[in-house]
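Taken together, the values in this text are just the output of simple stated rules run on the coordinates, not laboratory data. In this text, all values refer to a predicted model and were calculated from it rather than measured experimentally. As a convention, Cβ positions derive from the backbone with ideal geometry for all residues, glycine included, and neighbour counts pool all protein chains shown.
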Amino acid sequence: MKTWCRYGEGTGNKKRLDSGAHSYHDIVLNREKRQLKRKVRWYVLIIVLYLLAIIIANVATAAISPLHLGVFIVPAGTVIIGITFILRDLVQRRIGRGRTYAVIAAALFLSAASSYLLGDTLWIVLASAITFALSETTDTEIYTRLKLPLHWRVLNSGLIGGTLDSVVFVVIGLSPLGAGFLPWEAVPMAIIGQILVKALMQGCGAVVVKLALLQRESGQYHK
């Protein structure tokens, strides 16, 4: 009788232990699933914002007259273009260099299509596509190779990519060498104006990234 009772008690304890182990496993599994879903939603959101920024920049440039800031001439979409470099860096941070090029290819198509649909000439569409491919590729490769904290990588890669974007598009797209919208004497101010605005956006973006990282580290520390 005593042996039977002990056996029964042991069996019950084992069942309870097995049940507890399964429950803990289920909790961990569900937590991992929720974390994966949040990551996927975040990845999709960053990519969508990047692609939308490309289209919005084209719409703003086509719909709003260039801004004359003193001696500088700045297309209205320049502010948004500065933001796209920051978003591209965040896309790469989340999905890696290889997949980022696939996203850039999609963005290039959307940029060219929206530019054409908004009434730009084929020369401007071509110049825009060439400039976009060069600047985004440069941004990607510099970001990849820099061994610095994230905010410095965002700042430096964006500054170089933005400068290249400004110089190439103005020269092959707007100058007498391209569509001829700007005389040669206006070209330097158009380039410098775009570089300054994009640099300002890159600086603001780097500060936001730095603050976000500090806040995240602070939250993890208090946990």
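Does Y50 meet the test of being hydroxyl-bearing (S, T, Y), in contact with a helix residue (DSSP H, G or I) (Cβ under 8 Å, 6 or more places away or on another chain) and under 18 Å from G162 (Cα atoms)?
Working: hydroxyl-bearing (S, T, Y): yes; in contact with a helix residue (DSSP H, G or I) (Cβ under 8 Å, 6 or more places away or on another chain): yes; under 18 Å from G162 (Cα atoms): yes.
Yes: the conditions hold for Y50.
Within region 180-191, does at least one residue satisfy the condition of being touching a helix residue (DSSP H, G or I) at 6+ places or on another chain (Cβ under 8 Å) and within 18 Å of I81 (Cα to Cα)?
Yes, that holds for at least one residue.
For the list (1) of a type in the set (A, V, I, L, M, F, W, C); (2) buried (at least 18 other Cβ atoms within 10 Å of the Cβ); (3) touching a Pro at 6+ places or on another chain (Cβ under 8 Å), I need the number of the one condition that I172 fails.
Just one mismatch for I172, condition (3).
Would you call E136 among the acidic types (D, E) and touching a residue at least 12 places away in the same chain (Cβ under 8 Å)?
Answer is yes for this residue.
Could you tell me which of the residues R153, R145 is more than 22 Å from I80 (Cα to Cα) and within 19 Å of the chain's Cα centre (by Cα)?
Of R153, R145, the one residue that is more than 22 Å from I80 (Cα to Cα) and within 19 Å of the chain's Cα centre (by Cα) is R145.
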